[in-house]
Amino acid sequence: MKTFHPTKYATLLFALCLLFTSNAQELTKASPEAVGMSSDRLEVLSNTFQAYVDEGELPGATILVARKGKVAYFESFGKNDLENDIPMTNTSMFRIASQTKAIVSVGIMMLQEQGKLLITDPVGKYIPAFMDTKVAVSKDDGSYDIVKANRPITVRDLLTHTSGVSYGEGIASDLWEKAEIQGWYFADREEPILATVTRMADLPFESQPGEQFVYGYNTDILGALIEVVSEKPLDIFLKESIFDPLGMADAHFYLPKEKKQRLAVVYSPSENGLEPAPNPGGMIGQGAYVEGPRKSFSGGAGLLSTSMDYAKFLQMMLNKGTFNGKRIISPKTVELMTVNHLGKASFPWVGGTGFGLGFSVVEDLGDRGTLGSVGEYGWGGAYHSSYWVDPKEELVVVYFTQLIPAGDVDDHGKLRSLIYQALVD
């Protein structure tokens with residue numbers, strides 16, 4: 001009779017656990033060939049983006065491509081700071097602007113999973129000022145009327161950008177300007193975000209709830225909603241619920257001063273080449289991100305991050321809610337977030353594309369007309385950054401640069417083309 005050895009079985013069990021959690025490991029480096037990509041073909045990507053830098057079209061950039069849970073390509077080009085000759089590196093930090101929206105949207109879905117809200121709830125249930133809102137209606141003479149909203153705005157309306165809330169530069173822009181709520185930047189404000197969006201609720205919006213896709217302050221309102229429901233400041237909630245579990249040590253609303261030199265400087269094209277971008281309110285330079293009041297946490301556009309940290313978040317989504325052994329949301333929640341919710345409120349910018357709960361979603365590849373897959377989801381940011389997740393190809397792409405406005409640079413199209421041409425298996 002064989003003797004039972006508990007230690008042997010414990011060792012075997014541990015090994016099996018490691019095997020079955022392999023999809024949730026850290027994003028480690030692998031050769032492109034190990035994950036079905038071609039090193040030779042990726043050289044075309046490197047050469048193309050080095051040329052953008054050499055020709056003065058981009059100051060610098062980082063590109064991270066992960067496939068099958070491994071980093072197949074992670075390269076940096078150009079400078080973090082042209083004036084001071086600081087090179088771009090894989091640990092450079094960027095203003096990710098509207099890429100904040102996906103993270104905050106996941107935060108809302110976490111609260112639904114915790115039983116603290118439903119996305120069908122009216123926002124006014126938690127922020128009373130939103131229970132009865134108004135809509136501006138244009139008239140033929142260029143003026144406008146203000147009417148009552150047909151129904152309360154729901155949490156889902158905010159997630160899908162169908163609440164009618166813009167960035168304050170539409171029909172009733174005069175009232176938004178008077179209220180000093182325009183543009184998307186809040187880092188220099190002394191006013192907490194909940195106070196800002198509560199004032200916003202008294203202003204007329206662009207359309208009736210649920211009727212149109214209107215890009216605007218929707219996710220800033222969601223960030224304030226998280227603060228109310230979780231009873232925590234947004235920065236603390238995200239750190240505890242998402243950043244720490246995923247190991248996103250470089251995700252911040254305001255930059256720790258010891259990381260100041262890692263924050264990429266933003267540039268704008270001019271007749272003299274690339275120049276540091278204009279700096280209203282400390283928006284572009286390190287300014288308010290380092291020296292600001294640190295009181296307003298913009299859920300729509302406020303975060304700073306590195307390429308690797310953002311890739312961890314996206315890999316969690318690709319893994320159906322889990323990363324590095326930590327479950328953030330359920331597979332069914334990921335499924336709900338990454339299908340089109342717009343219905344009759346069609347997506348106005350790109351064919352074959354809808355919008356889910358925080359992400360654009362590809363529905364018809366031929367109608368869109370660019371390489372990718374049906375079911376792909378992603379978005380971008382004001383400083384010309386972009387990302388997408390392609391579940392069919394098990395692909396995560398993070399592209400960070402620091403250019404506003406981008407002008408006619410065709411880097412986004414080339415990026416997509418040159419990544420997909422490198423897939424060989």
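Throughout, read-outs are computed from the coordinates displayed, never taken from laboratory work. From a predicted model like this one, the values you see are computed outputs, not experimental measurements. So basically every Cβ, Gly included, is an ideal-geometry build from the backbone, and we count neighbours across all protein chains shown.
Observations, loosely collected:
- Extending 7 Å from Cα along the Cβ direction at Glu240 and again at Ser38 yields two label points whose distance is 5.1 nm.
- Cα shape, region 199-275, gyration tensor, a/c 1.5 rule: oblate
- Each residue of region 75-81 was assigned a 3J(HN,Hα) from its phi angle through the Karplus curve 6.51 cos²θ - 1.76 cosθ + 1.60 (θ = phi - 60°); the sequence is 10, 10, 9, x, 10, 6, 8 Hz, with glycine and proline shown as x.
- Charging the Cβ of each Asp and Glu at -1 and of each Lys and Arg at +1, and nothing else, the dipole of region 295-425 about its Cα centre rounds to 600 debye.
- GluC sites (Glu not before Pro) restricted to DSSP loop in region 209-247 with at most 12 other C-beta within 10 Å: Glu231
- Summing Cβ point charges (Lys, Arg +1; Asp, Glu -1) relative to the Cα centre of region 344-400 gives a dipole of roughly 200 debye.
- Long hydrophobic helices in the chain, taken as whole DSSP H segments with a C-alpha length of 15 Å or more on their own axis and mean Kyte-Doolittle hydropathy at least 0.5: 6-20, 100-113, 218-230.
- Distance from the C-alpha centroid of region 105-125 to that of region 387-425: 32 Å, rounded to the whole angstrom.
- Three-way shape label, region 124-224, alpha-carbon gyration tensor, a/c 1.5: oblate
- Total formal charge among the other residues, if their Cβ is under 12 angstrom from that of Thr154, Lys/Arg +1 and Asp/Glu -1: +1
- Simple rule: put +1 on each Lys or Arg Cβ and -1 on each Asp or Glu Cβ in the chain, find the dipole, and look at Thr338, Gly369, Phe186; the Cα lying farthest toward the positive end is Thr338.
- Each Lys and Arg contributes +1 and each Asp and Glu -1, all at the Cβ; summed about the Cα centre of the chain, the dipole is approximately 1980 debye.
- Taking each of Lys29/Lys344; Lys79/Lys101; Lys134/Lys239; Lys125/Lys392 in turn, the alpha-carbon distance tops 32 angstrom for Lys29/Lys344; Lys134/Lys239; Lys125/Lys392.
- Computed from backbone phi, the HN-Hα couplings of region 356-362 come to x, 9, x, 9, 6, 9, 7 Hz, rounded to whole numbers (Karplus: 6.51 cos²θ - 1.76 cosθ + 1.60, θ = phi - 60°; Gly and Pro given as x).
- In the list [x] 4, 21, 30, 26, 12, 4, 1, 0, 0, 0; [y] 4, 20, 28, 27, 16, 5, 0; [z] 5, 23, 32, 23, 9, 4, 2, 1, 0, the label attached to P(r) over Cα pairs in 10 Å bins from 0, in percent as derived from the coordinates here is [x].
- Using the Cβ-Cβ distance between Ser46 and Asp174 with R0 set to 35 Å, the FRET efficiency from 1/(1 + (r/R0)^6) comes to roughly 0.10.
- For the pair Glu271 and Ile146 in one chain, pulling the backbone fully straight at 0.36 nm per residue adds 40.6 nm over the alpha carbon distance.
- Calculated FRET efficiency for the pair Glu335/Ser138, C-beta based, R₀ 45 Å, to 0.05: 0.75
- Here the extension length gained between Ser417 and Glu83 equals 117.1 nm, from 0.36 nm per residue of separation less the Cα-Cα distance.
- Between Ser76, Ser386, Ser346, the residue with the greatest mean-square fluctuation in the GNM of the chain (Cα pairs under 10 Å linked by springs) is Ser346.
- Distance from the Cα centroid of region 345-368 to that of region 184-236 is 24 Å (rounded to whole angstrom).
- Prolate/oblate/rounded label for region 327-425 (Cα gyration tensor, a/c 1.5): rounded
- Low-density loop positions, GluC sites (Glu not before Pro), region 245-347 - DSSP coil, at most 14 other Cβ in 10 Å: Glu271
- Sites Lys344 and Ala249 - FRET efficiency at Förster radius 45 Å, r taken between beta-carbons, to 0.05: 0.55
- Loop-located trypsin sites (Lys or Arg not before Pro) in region 313-393 (DSSP state not H, G, I, E or B) with no more than 15 neighbouring Cβ atoms inside 10 Å: Lys344, Lys392.
- Derived scalar couplings ³J(HN,Hα) [region 57-65; Karplus, 6.51 cos²θ - 1.76 cosθ + 1.60; whole Hz; x for Gly, Pro]: 8, 10, x, x, 6, 10, 10, 10, 10
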